[in-house]
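No lab work stands behind these numbers, since they all come straight from the coordinates. Just so we're clear, the structure is a prediction, and the values are computed from it rather than from any experiment. A quick note on method: Cβ atoms are made from the backbone with ideal geometry, for glycine too, and the neighbour counts reach across all protein chains shown.
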Amino acid sequence: MSTLIANLANRIIPRLLPKSAVLSRQIRNDRRELAATARQSGDPQALLSAQDAHVDEWLHADLAADWAKVAQLLDPIRFGSRSGAVNPGDQRALYYIARALRPRSILEVGTHVAASTGILALGLRHNGAQPSGAPPRLVTVDIMDVNDPIRGAWKRIGCDQSPSQFVHAIHVEDIVTFVTRPATDYLRNSREKFDLIFLDGDHSATGVYQEIPAAIALLNPGGLILLHDYFPGLQPLWADGAVVPGPQLAVERLCSEKLPVTVKPLGALPWPTKQGSNVSSLAVLCRA
Ligand SMILES: C[S@@+](CC[C@H](N)C(=O)[O-])C[C@H]1O[C@@H](n2cnc3c(N)ncnc32)[C@H](O)[C@@H]1O
């Protein structure tokens, strides 16, 4: 009974409080849960250093013509604002980063409708052959079976192709591998290493706090971690006032534990993102 009341209170109270009070409550709860989580450790030696993370250069690369071709492949439902996918400006930023960094392998956490999956895979494809001759590879992990014909998010939002059918349609099926597994489970047990890891799965402080050190351990030297929903200073980025505190709180704790990492938020992009703005919540995690 007391759980029932607590659940009801958790649903009703946020509707009665002003947004700022709801956010403060969420941050307090997240901090409490984070503090109760066992300390994680890691060695960020493989992470790209902050001085080598030329984010501005990556975003200003001469890729407008290539991007225009990619944009033609973006089905409006899968990539639309109601799909739960990364917003249009972030989609473009992901493509530019995948092209600029020329990774051979990418790990994505949080497949959902596979919007970012498709774009990152196209980035790998358009980079062409690697000097090593190794084929490009993208592993995308989700706790849900994203291709499920009934429960898959693609079905709920009204897409006519599952993520798997979509990657076939855009001819990157040879690059993409779908994995259904909780992220930390995959990250802690994978033997494969990656050049770029995109974290867009569990956005809770505890979840991201556990994912980051495990992801760092899977990086090839000079590898990069990209965070989504990073709100610097826990301040809103858009007019709707929303803040996802988890990723910022997770990094805050890792830094307080002297893990030598730092975050470079992408900030204002050279193109629009959402809500009439060009601000992004993407952020690059680098070695301090
Ligand atoms: C915001 S969506 C990702 C959007 C996706 N990147 C796109 O652009 O289409 C977050 C996804 O993360 C998944 N997720 C949540 N917690 C997870 C976890 N602990 N491990 C793996 N995936 C998780 C959810 O099932 C959901 O599909």
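Normalised by residue number, the volume inside the convex hull of the Cα atoms of region 4-140 is 201 Å³ per residue.
Using only helices, what value at 222 nm comes out for the chain when you add -39,500 (n - 2.57) per DSSP H run of length 4 or more and divide by the total residues, to the nearest 500 deg cm²/dmol?
It lands at -11500 deg cm²/dmol.
Taking every DSSP beta bridge that has both ends in the chain, the antiparallel portion is near 30%.
The mean sequence separation of alpha-carbon pairs under 8 Å and at least six residues apart, normalised by the residue count of the chain, gives a relative contact order of 22 percent. Across 10 Å bins from 0, what is the distribution of all Cα-Cα pair distances for the chain, in whole percents? Using 10 Å bins, I get a P(r) of 6, 28, 37, 23, 6, 1, 0 for the chain.
Model label sites at Val22 and Asp148, defined 7 Å from Cα along the beta-carbon direction, differ in position by 2.6 nm. With the simple spin-label model, which puts each label point 7 Å out from Cα in the Cβ direction, the Ala268 to Lys193 separation comes to 3.9 nm. Pairs exceeding 29 Å between alpha-carbon atoms, taken from Lys193/Lys274; Lys69/Lys155; Lys193/Lys264; Lys19/Lys264: Lys193/Lys274.
Here the Kirkwood formula puts the hydrodynamic radius of region 1-85 at 18.8 Å, using every distinct Cα pair.
Only one residue of Trp154, Gly89, Ala9 has its Cα farthest out toward the positive end of the dipole of the chain, where Lys and Arg carry +1 and Asp and Glu -1 on Cβ, and that residue is Ala9. In the distance distribution for region 179-227, Cα-Cα pairs more than 17 Å apart total 26 percent. P(r) tail for region 206-288: Cα pairs beyond 22 Å make up 26% of the total.
When only the Cβ of Lys, Arg, Asp and Glu is charged (+1, +1, -1, -1), the dipole of the chain relative to its Cα centre reaches about 620 debye. Note on Lys258 and Ile13: the extension gain reaches 84.5 nm, defined as 0.36 nm multiplied by sequence separation minus the Cα-Cα distance. Legend: calculated FRET efficiency, Ala36 to Ile77, from the Cβ-Cβ distance at R0 = 35 Å, rounded to 0.05, equals 0.30.
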